[in-house]
4 protein chains.
Amino acid sequence: MMIGKAGAARTSICTADAASITVRGHDLCDDLMGHRSFTDFFFLSVAGHLPTEQQRFFLDVLLISIAEHGLTPNAQAARMTYAAGPDSLQGALAAGILGCGTVILGAAELAGGLLVKAKARVDAGEDIDAVARDIAMTTRQAGGKLAGFGHPLHRPKDPRTERIMTLARDQGVSATHCALASAISTAADTAWGKPLTMNVSMGIAAVLLDLDFPASMIKAIPLLARTAGLLGHLAEEQRYPIGFLMAAKAEEAITYFPEQEAGA
Amino acid sequence: MMIGKAGAARTSICTADAASITVRGHDLCDDLMGHRSFTDFFFLSVAGHLPTEQQRFFLDVLLISIAEHGLTPNAQAARMTYAAGPDSLQGALAAGILGCGTVILGAAELAGGLLVKAKARVDAGEDIDAVARDIAMTTRQAGGKLAGFGHPLHRPKDPRTERIMTLARDQGVSATHCALASAISTAADTAWGKPLTMNVSMGIAAVLLDLDFPASMIKAIPLLARTAGLLGHLAEEQRYPIGFLMAAKAEEAITYFPEQEAGA
Amino acid sequence: MMIGKAGAARTSICTADAASITVRGHDLCDDLMGHRSFTDFFFLSVAGHLPTEQQRFFLDVLLISIAEHGLTPNAQAARMTYAAGPDSLQGALAAGILGCGTVILGAAELAGGLLVKAKARVDAGEDIDAVARDIAMTTRQAGGKLAGFGHPLHRPKDPRTERIMTLARDQGVSATHCALASAISTAADTAWGKPLTMNVSMGIAAVLLDLDFPASMIKAIPLLARTAGLLGHLAEEQRYPIGFLMAAKAEEAITYFPEQEAGA
Amino acid sequence: MMIGKAGAARTSICTADAASITVRGHDLCDDLMGHRSFTDFFFLSVAGHLPTEQQRFFLDVLLISIAEHGLTPNAQAARMTYAAGPDSLQGALAAGILGCGTVILGAAELAGGLLVKAKARVDAGEDIDAVARDIAMTTRQAGGKLAGFGHPLHRPKDPRTERIMTLARDQGVSATHCALASAISTAADTAWGKPLTMNVSMGIAAVLLDLDFPASMIKAIPLLARTAGLLGHLAEEQRYPIGFLMAAKAEEAITYFPEQEAGA
């Protein structure tokens, strides 16, 4: 049975015959292999066309910025899964990828949404700083969280965001979205009455939007980046296992408390 | 409780403090972001050290070679999963990654194992062609499958393998493992009495071993590569959905056959 | 680092020592094994206490109602994944579970939310039929979808919903939520000017709420139920593989259309 | 393209039309819902036919025996995944299922394989105790692990195995496979010179084989059972989160050790 309404039965990604593979109009073997970097390929795959030199440069920057942060919960989940099923590297990787949820690596998308809305107001004639102050104040007063701000470790600055913003400025890439990110950062410090870290997710979103990346890139970047990091963790787990040890330590830290739950 | 024996409670991948992140001894922000490509980072992550220029070049080649092949079963699984749960890109990606199993993308590891054993015989003094003939003949006579050979579409040649081997030769990278791959290919044609495609998995394994990549790389490459391809499919699925349509067509092709199974 | 604020370091589910395992205050071996059904155990696990006889009866009914519907997209994804990686049954199962998303099996939760809101209005003094008409009309006029209604195959009635509702009526379990479901069904037919199928998700939600199941049960039921169904598909795939065949048929149905995408 | 050789394009599991759903020849609504337990359904799904009363009783026993063991590594992975992506219950469940690998929950299959081989020798005329002694001694001398024996916590007895074996004896179900399990247990104590726990996986395998369950059941049981347990953990995580807290404790226990790896 067909669920929902059927659209056109077509794909524009890839076709192949016995002697060749074509990806987005490019011959995989002759035009891409040996001529392009994997980062170029990733951009082509998601965006549908090859990146400019500058887009490629910053895609490398952004991918590296978010690829690794040590024994994060999802790196632990991947390593525990690998320890339990060492014959399935793909299973352990998948477990790690499933932990790239809204709370952790999904923040870039939320930050991007914030910037897109703010940009629309600026385009409609409002002042950047006024928009930033309004967003920060409104969010603060509603008791909400400001997407792209806050970090459990990197305080008062996230070094990755600093680096992204510096590179964007130095290379003349910064435009309205980066300006908005900075203005919101200043306004947030005032609204919260203390420095609020502009985290890496906001840096990624701002540069990505100023460089005219496709919208779908914003979720794809953290996922590909973290995949590289997770594969590193799994290579280490294979040689120096700590998965079960971490699980034992985590278990020890939790007490059994027999609650009589009336209705759960 | 501790499952198995506990090893050392340590990791060598990453540490972080408020102002910096260190990956494998490199400052992530100052030394890697803006200076290195994502491909370099991936090598660092899995191998523990940065690649040589040549290793980086070929890692790009190998990643691109295996990243995309259209609507493969796991790309379909990812797209169907995304259609069913569009709020979880990571879930759809994970479903696609789970399909990178031994039958499809796991072949590079098997091919690598074949080459490693063959290389040991050559190092011990045996002749390359003799070793190749022995492997092909023995496998054929035992009715077995030759790892790294055969393809449902690319016949008699896999254009990706051709391209990998040409680049390796042109850049002076080909050594014993590449020579063994070619020799086994020739011997296989004879043993089977027809051309047997040397597929991309054998090409990846041969170059990777001749370039002294770490062993763990051989499984990591197809997984990272296919992640990039899958993210492209999911970006397309978001805009031009075909997941449920493919499922409807597949379902139509299968007939219900009420079997009375005695014991299953 | 601690992400977010740490809560109490405790669990109420299970504790174990060398000689015993205690689940929610019950000795697993002496009190549950041999005395209780797996359905009882599942209720205990999610709700925190054992079910009444009636709750257990209807939990069996609801689980069976949603466990199997042939070659659904996620059953296909599971079978394709198994075909590609036959050494990892858990990987194939996980792929199938990932397809239990909002569009397909998540509908019960949405339907439950609808009923909870409607019930609050009835409790506040509004008439059941008036509430139902208001919900149907408002949703229709806003061009929205009515949670728990519509099915691609079962028209005009979903036999599973019929059966659930009949059993609930016969056993005196039907109360306000079931009455609301029926009233909304009638109102929807009027609002849409044609019969709209009240699907199994609405049936599950209504009975579950009238029987005072914990809220978390509403998502857990389809997941456990479908797991049983998927394990059946994977057992069949092992003996009579159709995973790759379905993928080939689905691929054939899709045409490559080389689109020059300007921005994707 | 078709990967491998295409088999028959058929399924025997389920068919549906507008008014009915048929599972393995049974009308889902009329014959199963309200008449059968979910355990019956699961057996039907995997085995292809309904269980006997005794098979159903022991399937309940076995499912419950392996469903829950507190904060196991995969329960932790599921909870960490849920904490990171609370909008995807299916993603968190999938992460937990991926940790049901060979090292932890896959042991039942290995234990079953051991018993099947041993049974073949007994059927061929060898003495049960002699076969058991030979298996234990040969494994011990080869420095191998005895499938179905050993447990990090339950020593010297696994209370679940004791309970399973007692129930099997009391109900007259014990036959050659159970006898072999006991004999191997005795022989193992001698071979290792200390009590070796016969764990729950061996208990499951022995009873399942003596009750003539289909072979595919042996892997399906731990997966379905643990799914129920995981859904309980995720319901608790929703109300009383400990996922990130466990991750923080596990991370604290691991030291960064900057290793200069020469080749990884």
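The values are calculated or read from the model by the stated rules, or taken from the named source; none is laboratory data. Predicted model only: the values in this text are computed from it and were never measured. Cβ placement follows ideal geometry from the backbone for every residue including glycine, while neighbour counts extend to all protein chains displayed. We work out accessible area using only protein heavy atoms, side chains counted, and drop any ligands, DNA or RNA first. Shrake-Rupley method; radii C 1.70, N 1.55, O 1.52, S 1.80 Å.
Details
- Residue match in the stretch A:150-162 (condition: open to solvent by 50 Å² or more (accessible area, probe 1.4 Å), part of a helix (DSSP H, G or I) and modelled with pLDDT of 95 or more): yes
- Selection over the stretch A:105-121 of residues that are modelled with pLDDT of 95 or more and either within 14 Å of chain D (Cβ to nearest Cβ) or outside any helix (DSSP H, G or I) (or both) gives a count of 0.
- Apart from one condition, A:LYS145 fits all of (1) farther than 24 Å from A:GLN54 by Cα; (2) touching a His at 6+ places or on another chain (Cβ under 9 Å); the exception is (2).
- Test: residue in the stretch C:17-35 that is buried (at least 24 other Cβ atoms within 10 Å of the Cβ), at pLDDT 95 or above and in contact with a Phe, Trp or Tyr (Cβ under 7 Å, 6 or more places away or on another chain): yes
- For the condition in contact (Cβ under 8 Å) with a residue 12 or more places away in the chain and either under 21 Å from C:LEU153 (Cα atoms) or touching a Gly at 6+ places or on another chain (Cβ under 9 Å) (or both), C:ALA205 qualifies.
- Here D:THR166 meets each of (1) open to solvent by less than 30 Å² (accessible area, probe 1.4 Å); (2) among the β-branched types (Val, Ile, Thr); (3) not in a loop (DSSP other than H, G, I, E, B) with one exception, condition (1).
- Scanning the stretch C:1-26 for residues that are part of a loop (DSSP other than H, G, I, E, B), out of contact with any helix residue (DSSP H, G or I) (no Cβ under 8 Å at 6 or more places or on another chain) and farther than 14 Å from A:ALA253 by Cα yields C:LYS5, C:ALA18, C:GLY25.
- Going through (1) farther than 26 Å from D:ALA92 by Cα; (2) more than 9 Å from every other protein chain (Cβ to nearest Cβ) one by one, D:LYS157 falls short only on (2).
- Answer residue from the stretch B:1-50, given it is among the basic types (Lys, Arg) and free of Cβ contacts under 8 Å to residues at least 12 places away in the same chain and is farthest from the other protein chains (Cβ to nearest Cβ) among those: B:LYS5
- Enumeration of residues in the stretch B:68-104 that are buried (at least 24 other Cβ atoms within 10 Å of the Cβ), charged (D, E, K, R) and facing another protein chain (nearest Cβ under 7 Å): B:GLU68
- B:PHE57 falls short on exactly one of the conditions (1) under 19 Å from B:GLU236 (Cβ atoms); (2) open to solvent by 40 Å² or more (accessible area, probe 1.4 Å); (3) not basic (Lys, Arg), and that condition is (1).
- Helices (runs of 4 or more DSSP H) contained in the stretch D:171-264 and holding at least 2 residues open to solvent by less than 10 Å² (accessible area, probe 1.4 Å) and within 14 Å of chain C (Cβ to nearest Cβ): D:200-210, D:217-239, D:243-252
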